[in-house]
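Everything below concerns the one structure shown next.
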Amino acid sequence: MKNARLDLLAAGLLLMLALAFVAPGLAPGRVGAPGDIPLAEAPFRGGPAGQHAVYNGLLGDLIYQQLPWRLLVQRELAAGRFPLWNDGSAHGYPLFGNGQSAVLYPLNLLWVLLPVGAGAAWIAALKLWLAGLGMWGFLRRRGLHPAAGGLAAGGWMFCGPLVVWLGWPHTNVLALLPWICWAVGRWCADGRRAALLALPGLMAVAIFG
């Protein structure tokens, strides 16, 4: 019971950290994405708005690909169609099979219920929380001290690759790595059959991501 209360406390604290990190994107009317990037492009480049834009051009995929794809998936599903194809890009382009849209990744499915703008921040927070919670559980089940587990969970949540590329699909897999390690460890060290059954499920979710 003591361990269960500690796990719940850790889960709550990690969720608060994740929400605090994306808090600017949770405010009404805000989007958890670099919306100032278009200001550096024509026709805004050189104008008053473009001169004051603070942006990182390497993050343009969020604006030009990821969020438009989420909106397209919403519209296709609302129309009763599986989001297989993007007919608005050039002469058509795969949507489900393009390698980045990750239509069936469980967190991305939440975009069916959330507005695209608000969903960007909420789903980013859930991805961070998933990463931290997995690392906490993996290390605690290995017998590490709670302080060590908490430090590692926070470190993995806010490591460079996860934070910088949070909106990209490869971080879908990074967030799952501690969970996969947990399943492997529980099976190899403890012989838990449930962990062996969980492993292919986790790998399938990673592939969808």
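The values are calculated or read from the model by the stated rules, or taken from the named source; none is laboratory data. Computed from a predicted model, the values in this text were never measured in an experiment. Note that each Cβ is placed from the backbone with ideal geometry, even for glycine, and that neighbours are counted across all protein chains shown. Side chains included, ligands, DNA and RNA excluded: accessible areas come from the protein's heavy atoms. Shrake-Rupley method; radii C 1.70, N 1.55, O 1.52, S 1.80 Å.
Summary table
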quantity: Criterion (in a loop (DSSP other than H, G, I, E, B) and buried (at least 17 other Cβ atoms within 10 Å of the Cβ)) met by exactly one of L202, L166, L162; calculated: L166
quantity: Condition met for A125 (assigned to a loop (DSSP other than H, G, I, E, B), of a type in the set (G, A, S), under 14 Å from the mean Cα position of the chain (by Cα) and closer than 20 Å to G167 by Cβ); calculated: no
quantity: Output for the stretch 1-25, where each listed residue is open to solvent by 90 Å² or more (accessible area, probe 1.4 Å) and either of a type in the set (V, I, T) or closer than 18 Å to V164 by Cβ (or both); calculated: F21
quantity: Verdict on F44 being modelled with pLDDT under 80, open to solvent by 40 Å² or more (accessible area, probe 1.4 Å) and among the aromatic types (F, W, Y); calculated: yes
quantity: Residues being surrounded by 14 or more Cβ atoms within 10 Å (Cβ to Cβ) and of a type in the set (G, A, S) - total across the stretch 190-199; calculated: 2
quantity: Residue match in the stretch 12-25 (condition: at pLDDT below 80, under 30 Å from R141 (Cα atoms) and assigned to a loop (DSSP other than H, G, I, E, B)); calculated: no
quantity: Given (1) modelled with pLDDT under 90; (2) open to solvent by 70 Å² or more (accessible area, probe 1.4 Å); (3) within 28 Å of G97 (Cα to Cα), number of the condition W187 does not satisfy; calculated: (3)
quantity: Considering residues of the stretch 138-147 that are open to solvent by 40 Å² or more (accessible area, probe 1.4 Å) and assigned to a helix (DSSP H, G or I) only, the residue modelled with the lowest pLDDT; calculated: R141
quantity: Failed item in (1) free of Cβ contacts under 8 Å to residues at least 24 places away in the same chain; (2) crowded, with 20+ Cβ neighbours inside 10 Å, with L128 passing the rest; calculated: (1)
quantity: Given (1) aliphatic (A, V, I, L, M); (2) surrounded by 13 or more Cβ atoms within 10 Å (Cβ to Cβ); (3) in a helix (DSSP H, G or I), number of the condition V103 does not satisfy; calculated: (3)
